[in-house]
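Asks: Could you have a look at this structure, given as structure tokens, before my questions?
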Amino acid sequence: MRSVLAMLFSFAWVAVAAAAPVGDSRQMLDDASPRVNGEDFSRRLLSPIAADDIARFLESEGRTLAPEPFIPGRESIDVFVPAQMPAAGFGLIVFVPAGDDFFLPRDWRASLERRGIVFVSLRGAGNDADVIGRRIPMVLHATDHAIDSLRIDPARVYVSGFSGGARLAQRVALAWPDLFSGSLQFAGSVVVGMNRLPPPPRELMSRFQENTRVVLVSGNLDLPNRRNDAETREGLRALCVAGERGFGPARLDHWVPDGRAFARALEMLETPVAVDPTARADCRQRLAAGIAKELDAAQADADQARWREAVDRLVALDDRYGGLAAPRSVEMAHAIMARRDGAAH
């Protein structure tokens, strides 16, 4: 009879053999993405009032906001390239692992081949890495490397990830809707307007609302993330985002799905959502009216010299609605602080 140890060893070997390192090559990153720019970075990733505060502080100190220095040839990515390129160019998925690397499941390859999608996985950008200084820059470096190296269809550029990497992918898709057409998230999501994830500037948020597809996939046994996904989708609908979708693969806990569920997720990611223009306009009108009402309430507090209430209300608005409350929110912040400081003197 085989020993328990031998059986465990055999099982571990089968598990490793069932997943090969991502794709055909490991490639070095030789050039930094031009998108990794301090001023644009903060504008896209931070709430307007927070970005304004940081910009004024840095200006007063004579400093600039910069990510971790990029050293050519130091960073690597794993790249899978399908055998056949579609007429319009390859699709592209940039994947953010929760750990330092990711093994592409063999049963995902058929869908990637069939759809002509390049799969790029980051290395050394897991949950322990700094979000602003490293993880987000690595996504942008890797994306532009693939775009520069291969013929990529700009309408099929997606960001994806697992667990903490999925939450980062959502953050990146929200901040760069002019680059990514969708976010494919496995076992991880964040309610927009909470957890330091404010809507980006208005022109970017409008593009996200109309064009970005967000697909949330958490196993039906992964109950915490199933609840998170439900709250995230509800929050996206409240923000008039048309492209939110998701499902829960059966018998799956906190991990990525099998090939069949992966194929279903890709189908959702690549299928545009039919939107009723009237319903979209009504949603945006209700959203704008609600934001205006809350800004009016903050202004009323300021007019009555209730400075703490005014500031607290404005900060909450900035966190929840971000660029959708600007520029009025930023202008009010300047005015409230000036009036409060004047009253103090």
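The values are calculated or read from the model by the stated rules, or taken from the named source; none is laboratory data. None of these values were measured; they are calculated from a predicted model. Counting neighbours? That spans all protein chains shown, and the Cβs are built from the backbone with ideal geometry, glycine included.
Asks: Can you tell me which residue within segment 200-236, out of those that are more than 19 Å from residue 266 (Cβ to Cβ) and basic (Lys, Arg), is nearest to the chain's Cα centre (by Cα)? If you could, list the steps in order and put the result at the bottom.
Replies: Start the filter on segment 200-236 by keeping residues that are more than 19 Å from residue 266 (Cβ to Cβ), which leaves 200-210, 220-228, 230-232, 234-236.
Those still in the list that are basic (Lys, Arg) too: 202, 207, 226-227.
Working: 202: 17, 207: 14, 226: 18, 227: 18 Å.
Ranking the qualifying residues of segment 200-236, first place goes to 207.
Asks: Is segment 267-274 home to any residue that is more than 30 Å from residue 223 (Cα to Cα), surrounded by 12 or more Cβ atoms within 10 Å (Cβ to Cβ) and at pLDDT below 95?
Replies: no
Asks: Of the residues 142, 169, only one is touching a Gly at 6+ places or on another chain (Cβ under 6 Å) and either crowded, with 24+ Cβ neighbours inside 10 Å or under 19 Å from residue 73 (Cβ atoms) (or both); which?
Replies: 169
Asks: Would you mind listing the strands (runs of 3 or more DSSP E) fully within segment 98-199 where at least 1 residues are under 18 Å from the mean Cα position of the chain (by Cα)?
Replies: Where strands (runs of 3 or more DSSP E) fall fully within segment 98-199 and carry at least 1 residues being under 18 Å from the mean Cα position of the chain (by Cα), they are 117-122, 152-162, 182-186.
Asks: Quick one: is residue 278 hydroxyl-bearing (Ser, Thr, Tyr), more than 18 Å from residue 329 (Cα to Cα) and under 23 Å from the mean Cα position of the chain (by Cα)?
Replies: Answer is no for this residue.
Asks: Let me ask you something else. What are the pairs with Cβ atoms under 9 angstrom where one residue, in segment 32-57, is in a loop (DSSP other than H, G, I, E, B) and the other, located anywhere, is β-branched (Val, Ile, Thr)? Sequence gap at least six, or different chains.
Replies: Taking only residues 6 or more apart or on different chains, the pairs are 33/139; 33/143; 35/143; 36/136; 46/54; 47/315.
Asks: From the list 297, 310, 263, exactly one residue is surrounded by 13 or more Cβ atoms within 10 Å (Cβ to Cβ), aliphatic (A, V, I, L, M), at pLDDT below 95 and more than 20 Å from residue 207 (Cβ to Cβ). Which is it? Write out each step before concluding.
Replies: Numbers: 297 fails: at pLDDT below 95; 263 fails: at pLDDT below 95.
The conditions single out 310.
Asks: Turning to a different aspect of this structure: If I ask for residues that are farther than 22 Å from residue 161 by Cβ and either of a type in the set (Phe, Trp, Tyr) or modelled with pLDDT under 90 (or both), which ones from segment 17-39 would you list?
Replies: Answer for segment 17-39, where residues must be farther than 22 Å from residue 161 by Cβ and either of a type in the set (Phe, Trp, Tyr) or modelled with pLDDT under 90 (or both): 17, 37, 38, 39.
Asks: Could you please find all residues in segment 240-264 being within 30 Å of residue 291 (Cα to Cα) and touching a residue at least 60 places away in the same chain (Cβ under 8 Å)?
Replies: 243
Asks: Could you go through segment 243-250 and let me know if any residue there is surrounded by 13 or more Cβ atoms within 10 Å (Cβ to Cβ), in a loop (DSSP other than H, G, I, E, B) and of a type outside the set (Asp, Glu).
Replies: Filtering segment 243-250 for residues surrounded by 13 or more Cβ atoms within 10 Å (Cβ to Cβ) gives 243-249.
Filter again for in a loop (DSSP other than H, G, I, E, B), leaving 248-249.
Narrowing further to those that are of a type outside the set (Asp, Glu): 248-249.
Checked against the condition, which is being surrounded by 13 or more Cβ atoms within 10 Å (Cβ to Cβ), in a loop (DSSP other than H, G, I, E, B) and of a type outside the set (Asp, Glu), segment 243-250 yields at least one hit.
Each row is one residue, and each column tells you yes or no for (1) over 25 Å from residue 208 (Cα atoms); (2) outside the structural domain of residue 177 (by TED's automatic domain parsing).
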{"residue": "236", "(1), (2)": "no, no"}
{"residue": "240", "(1), (2)": "no, no"}
{"residue": "243", "(1), (2)": "no, no"}
{"residue": "249", "(1), (2)": "yes, no"}
{"residue": "255", "(1), (2)": "yes, no"}
{"residue": "285", "(1), (2)": "no, yes"}
{"residue": "289", "(1), (2)": "no, yes"}
{"residue": "300", "(1), (2)": "yes, yes"}
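Asks: For residue 289, work out the one condition from (1) modelled with pLDDT of 95 or more; (2) surrounded by 15 or more Cβ atoms within 10 Å (Cβ to Cβ); (3) not charged (D, E, K, R) it doesn't fulfil.
Replies: Tallying (1) modelled with pLDDT of 95 or more; (2) surrounded by 15 or more Cβ atoms within 10 Å (Cβ to Cβ); (3) not charged (D, E, K, R), residue 289 fails exactly one: (2).
Asks: Picking from 213, 207, 227, 233, which residue would you name as being modelled with pLDDT of 95 or more and in contact with a helix residue (DSSP H, G or I) (Cβ under 8 Å, 6 or more places away or on another chain)?
Replies: Every option except 213 fails the conditions.
Asks: Quick check on segment 313-328: of everything there that is within 20 Å of residue 338 (Cβ to Cβ) and touching a residue at least 40 places away in the same chain (Cβ under 8 Å), which residue is surrounded by the fewest Cβ atoms within 10 Å (Cβ to Cβ)? Even if it seems obvious, please write down each step before you answer.
Replies: The first filter runs over segment 313-328 and keeps only residues within 20 Å of residue 338 (Cβ to Cβ), leaving 313-315, 317-318, 325-328.
Still in the running and touching a residue at least 40 places away in the same chain (Cβ under 8 Å): 314-315, 318, 325-327.
Numbers: 314: 25, 315: 16, 318: 24, 325: 27, 326: 23, 327: 12.
The selected residue is 327.
Asks: Return the residues of segment 82-103 that are buried (at least 19 other Cβ atoms within 10 Å of the Cβ) and more than 16 Å from residue 185 (Cβ to Cβ); say none if nothing qualifies.
Replies: Within segment 82-103, the first condition is being buried (at least 19 other Cβ atoms within 10 Å of the Cβ), and the residues that meet it are 82, 90-98, 102.
Answer for segment 82-103, where residues must be buried (at least 19 other Cβ atoms within 10 Å of the Cβ) and more than 16 Å from residue 185 (Cβ to Cβ): 82, 90, 91, 92.
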